[in-house]
Amino acid sequence: MAAKERIIAAPPVNPETKPFWDAAAEGKLLLKKCAACGEFHYYPRAICPFCFSDRTEWRAASGRGTIYSYSVMRRATVPYAIAYVALEEGVAMLTNIVDCDFDAIRIGRKVSLVFKPSDGGPPVPMFTLSP
Amino acid sequence: MTIKGKAYIAGVYEHPTRLAADKSLAQLHAEVAKGALEDAGLSKDDVDGYFCAGDAPGLGPLSMIDYLGLKVRHMDTTETGGSSYTIHVAHAAEAIATGKCRVALITLAGRPRAEGMATGTAPRNYGGAAPDVQFEAPYAPVVANLYAMCAMRHMYQYGTTSEQLAWIKVAASHHAQHNTHALLREVVTVEDVVNSPMIADPLHRLDCCVITDGGGALIVVAPEVARSLKRPLVKLIGAGEAPKNQMGGKVDLTYSGAVWSGPRAFAESGITPADIKYASIYDSFTITVLMTLEDLGFCEKGKGGSFVADGNLISGSGKLPFNTDGGGLCNNHPGNRGSMTKVIEAVRQLRGEAHPKVQVPNCDLALAHGTGGSLGTRHGSATLILERE
């Protein structure tokens, strides 16, 4: 099984996003929430994409969500599932669905957060089907 | 201010090659430029505006203007991926309307096939400084699975089926059989499409466009220039452009930027979708066409599946003839950028120069639409409405 693991590209971390990846290394998924307009956004930015306030703050996500859409990449050397997961906090993130039977993936299924090691970078947040 | 009637497409050229192992990228740009100028009946020295996008080698217009030996007073390098050239037509009209140039040359070329590029199934590197890359690249998004997620959601939300999507490829193949330059000329059936190998659920191999080398060019001119030439008059009467993305996490994959670019173009032209006799719709994948037709208002949202089914897009029998050259699905997708050939076939239809088997009778109003980037993340939509005068 280990030989068939997909190599996960390391995210190119920058000063704006270092807290996100430092938290990932501790098993936490952070989102940005704007103190001015109260909206969560994703992917995280220094300035809120809704109201342009610079009062954006890191908040820990619950790690629970549902699958908004997905596709199993059948033509890859090691097939994998890409998805948008709609998080409880109201934003959707691009991710992978892992550690499950790909044929069991459905839109609307509940998923929970896991982390997978990247190739020389911090661990990356992904999701698996909730029981 | 409007661009309606301020510019005409006087010259078009689609490179006949589909595999350019023996040519350079700059050479392809030059060959299509030469072809379009000859089609218009103009010379290189008439060109005073030049437009190119990210496919142009080197420092874009600076490298190409040098190589081509142009002397221009206006340059535009708007880059929105495969929709760049539909946007260039509109921007050329704006430049002409404001007196910045009179004869604009737009070129596209690429050789992904000669270079062995896995266009749809390998990750593309846009550079780590792109703000989205670190939050996406680890998950291996590629062109095919990003568009596939749009199809998956459309099926879930509206009941669209693989068989309905397949009809789009079937219609394109009916047209491509008459195009001697088309990469794929074999007529296919719905069964052929749904039985072809799965690439990224729910998109099969035959839901995906071809990978080809080549290119194309357009000459956009001021009205007085157009009238001095011997070619049929093809006038730009409306244009719209719009970006769409993940909207800060409020992701909605069920519609494209065409919901904004289409109404802008129709409002400027003063016509409605029901007036369009022929439509060139960017067809990177079958789902791209289906969503675009809904978003442009050719049918109700969510009803695209039944609209495209049963041959409704086939010239001669269907209500909305589309991509009569065979489109990106069968004919050509030079440089992985399909909107150039969309404009070219629309001009052929308006001139009455499409293949006789697919020529739309009395084709006086046509639409060309481009979708660049990815429907699944961020893309640029651009709509042109053209009229034969």
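The values are calculated or read from the model by the stated rules, or taken from the named source; none is laboratory data. Since the structure is predicted, the reported quantities are computational estimates derived from the model, not experimental observations. When we count neighbours, we look across all protein chains shown, and the Cβ atoms used for this are built from the backbone with ideal geometry, even at glycine.
None of A:ILE107, A:ILE67 is among the β-branched types (Val, Ile, Thr) and not in a strand (DSSP E or B) except A:ILE107. Considering (1) free of Cβ contacts under 8 Å to residues at least 12 places away in the same chain; (2) away from every other protein chain (no Cβ under 14 Å); (3) in a helix (DSSP H, G or I); (4) not hydrophobic (A, V, I, L, M, F, W, C), the lone condition that B:GLY116 does not fulfil carries the number (3).
Every residue, every condition in (1) of a type in the set (Lys, Arg); (2) within 20 Å of B:LYS169 (Cβ to Cβ), yes or no:
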| site | (1), (2) |
| --- | --- |
| B:SER315 | no, yes |
| B:GLY318 | no, yes |
| B:ASN323 | no, yes |
| B:LEU329 | no, yes |
| B:PRO334 | no, yes |
| B:THR341 | no, yes |
| B:GLN349 | no, no |
| B:GLY352 | no, no |
| B:LYS357 | yes, yes |
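What's the number of the only condition in (1) under 22 Å from the mean Cα position of the chain (by Cα); (2) within 22 Å of B:GLU268 (Cβ to Cβ); (3) not acidic (Asp, Glu) that B:ALA222 fails to meet? Evaluating B:ALA222 over (1) under 22 Å from the mean Cα position of the chain (by Cα); (2) within 22 Å of B:GLU268 (Cβ to Cβ); (3) not acidic (Asp, Glu) leaves (1) as the failure.
Residues checked against (1) in contact with a helix residue (DSSP H, G or I) (Cβ under 6 Å, 6 or more places away or on another chain); (2) farther than 22 Å from B:ALA109 by Cβ:
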{"site": "B:SER162", "(1), (2)": "yes, yes"}
{"site": "B:ALA166", "(1), (2)": "yes, yes"}
{"site": "B:LEU184", "(1), (2)": "yes, no"}
{"site": "B:VAL188", "(1), (2)": "yes, yes"}
{"site": "B:VAL194", "(1), (2)": "yes, yes"}
{"site": "B:ARG205", "(1), (2)": "no, yes"}
{"site": "B:GLY214", "(1), (2)": "no, no"}
{"site": "B:ILE219", "(1), (2)": "yes, no"}
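Only one of A:ILE82, A:ILE67 is out of contact with any His (no Cβ under 9 Å at 6 or more places or on another chain), more than 8 Å from chain B (Cβ to nearest Cβ) and closer than 20 Å to B:LYS250 by Cβ; which? Let's see the steps before the verdict.
Working: A:ILE82 fails: more than 8 Å from chain B (Cβ to nearest Cβ).
A:ILE67 is the lone residue from the list that is out of contact with any His (no Cβ under 9 Å at 6 or more places or on another chain), more than 8 Å from chain B (Cβ to nearest Cβ) and closer than 20 Å to B:LYS250 by Cβ.
For B:PRO141, are the conditions met, namely being more than 23 Å from A:PHE20 (Cβ to Cβ), part of a loop (DSSP other than H, G, I, E, B) and modelled with pLDDT of 95 or more? Spelling it out, it is not the case that B:PRO141 is more than 23 Å from A:PHE20 (Cβ to Cβ), part of a loop (DSSP other than H, G, I, E, B) and modelled with pLDDT of 95 or more.
Looking across A:SER62, A:SER130, A:SER53, one residue alone is of a type outside the set (A, V, I, L, M), more than 12 Å from every other protein chain (Cβ to nearest Cβ), surrounded by fewer than 20 Cβ atoms within 10 Å (Cβ to Cβ) and in contact (Cβ under 8 Å) with a residue 60 or more places away in the chain. It is A:SER130. Taken over the stretch A:6-43, the criterion of being in contact (Cβ under 8 Å) with a residue 12 or more places away in the chain, more than 9 Å from chain B (Cβ to nearest Cβ), among the charged types (D, E, K, R) and outside any strand (DSSP E or B) is satisfied by A:ASP22, A:LYS28.
B:THR254: hydroxyl-bearing (Ser, Thr, Tyr) and in a loop (DSSP other than H, G, I, E, B), yes or no? Don't jump to the end; show me each part of the working.
Working: hydroxyl-bearing (Ser, Thr, Tyr): yes; in a loop (DSSP other than H, G, I, E, B): yes.
When the stated conditions are applied, B:THR254 passes them.
Would the stretch B:163-173 turn up any residue that is among the basic types (Lys, Arg), crowded, with 21+ Cβ neighbours inside 10 Å and closer than 23 Å to B:PHE322 by Cα? Yes, that holds for at least one residue.
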